[in-house]
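Enquirer: Pasting a structure here, questions to come.
The values are calculated or read from the model by the stated rules, or taken from the named source; none is laboratory data. Bear in mind that the values here come from a model prediction, so they are computed numbers and not experimental data. Every residue, glycine among them, receives a Cβ derived from its backbone with ideal geometry; neighbour counts consider all protein chains shown.
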Amino acid sequence: MDNKGFRFRKTPYTLLSFLLLAVILLNSFAFTAAWANERAVYYEAPTEDFYTEAYAEDILPFHDFGPVNEVFLKGKVISIIDETPLSGDFFDVRHNDLMRQHLQIEIIDKPYQGQRKIVEHTASITNPFQGVYLVPGDKVVLYGVLDQNDNLQEIYIQDLVRERSVFWLAFTFVAILLVLGGLKGLGAISTVVLTGLLLWFFLLPAVLQGFNPLWGAVLVCAIVSIVSTPMVAGLNRKTLAAIIGTISGVFIAGILAYYAGFQARIVGIEFDYINLLLNIPGDVTLDLRGVFFAGVLIGSLGAVMDTGMSVASSMREIAAANPKITFKELWKAGMNVGKDVMGMMSSTLILAYAGSALPLLLLMVAYETPALKLLNSDLIVSEIIRSLAGSIGLCLSIPITALVSSYLLLNRKK
């Protein structure tokens, strides 16, 4: 113990942990420096011209037809005027239940509230993807084209109104958090709101303005971790340890995804999204690989935060129950807790990513895609990198959190 009242302990575990962290940081800096110096072709972030040339036969051209006055409104189906089955000669036989509906729609939203329009709509009873079959009483989203006097010139049915189900589910979620969590539940709600605001009002506009999406995601993750963790657990040593572990784990996940992604030369985004992103009006240049890497960071943040907080909280309780515990014993206790959390949270993270790719996997199995093609598919490799990088970052956040927690909990003023 020194003259300031702090207790320092040097153990092989401490040295090993510092060595592990140093190796990770040195590798990340070395990779970044090598990439910056060599500037190999496949390391450079693909530009818009790259995707335009690669998918020249598939990407639809964007035509600027000038300013269009458009509006989205809510409407209600009043009646079905008539229904006409579509000819099977034009559509596939499997979709022979397609029909053309003529519907009377009443607009709900102002300033066109009360106006009734006759709208043509293509629907299918058995395949909603071809068009949802509408009945009187259904509420729909309408797309309207306005003339120079802001009068509705054309109107189309865009989709069903589904927000009510979302609002009820969100209300149930908030109510459960408040009832079971009290003030901590309120902190959890604040965390969700903060994350959504940062994504919607900071990260997305910044990326569209040309800001690097990877660094934007790093900044968002750091802010969310630093601000939201004290909201839930208060401002204390446990919280500080969880924040350091979370930021370290997310940073490691980003580095691994970045390195593996550039080595594999993946795009990481479905072609349909590439088509839409490259056709954004205006002078917008997007780093699509950067968008993928940013998604890895944001996707792994929640699981890493949960893991870090679980380990730090458990270690604080252990230290409080046993004031004479040594650095080594406390660190090992934290690692034991982390091992239990690690298995569950890694499975959760991987299953979440697998669930998002389930339709794609189903298609590949249905069409008996060869293993060689499956394991080298851009989208499949992207999902594998996403899940493994996030899981590795989650696992490595455990020893970092345990190390920091042991130091902060034992090296305090007496």
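Enquirer: Residues of segment 317-347 being over 30 Å from Arg386 (Cβ atoms) and β-branched (Val, Ile, Thr), which ones?
Expert: Ile318, Ile325, Thr326
Enquirer: Inside segment 199-274, counting only helices (runs of 4 or more DSSP H) that do not spill past its ends, which hold 1 or more residues that are touching a residue at least 12 places away in the same chain (Cβ under 8 Å) and within 19 Å of Ser405 (Cβ to Cβ)?
Expert: Correct list: 213-233, 237-264.
Enquirer: Follow-up. Residues Leu194, Leu199, Leu186, Leu178: which one is surrounded by 14 or more Cβ atoms within 10 Å (Cβ to Cβ), modelled with pLDDT of 85 or more and over 20 Å from the mean Cα position of the chain (by Cα)?
Expert: The unique qualifying residue is Leu178.
Enquirer: I'm told Ile325 meets every condition in (1) under 25 Å from Leu301 (Cα atoms); (2) touching a helix residue (DSSP H, G or I) at 6+ places or on another chain (Cβ under 8 Å); (3) at pLDDT 80 or above except one. Can you identify the failing condition by its number?
Expert: Unmet condition: (1).
Enquirer: A follow-up question, please. Restricting attention to segment 144-159, report how many residues are of a type outside the set (D, E, K, R) and either at positive phi or loosely packed, with under 15 Cβ neighbours inside 10 Å (or both).
Expert: The number of residues fulfilling the criteria is 7.
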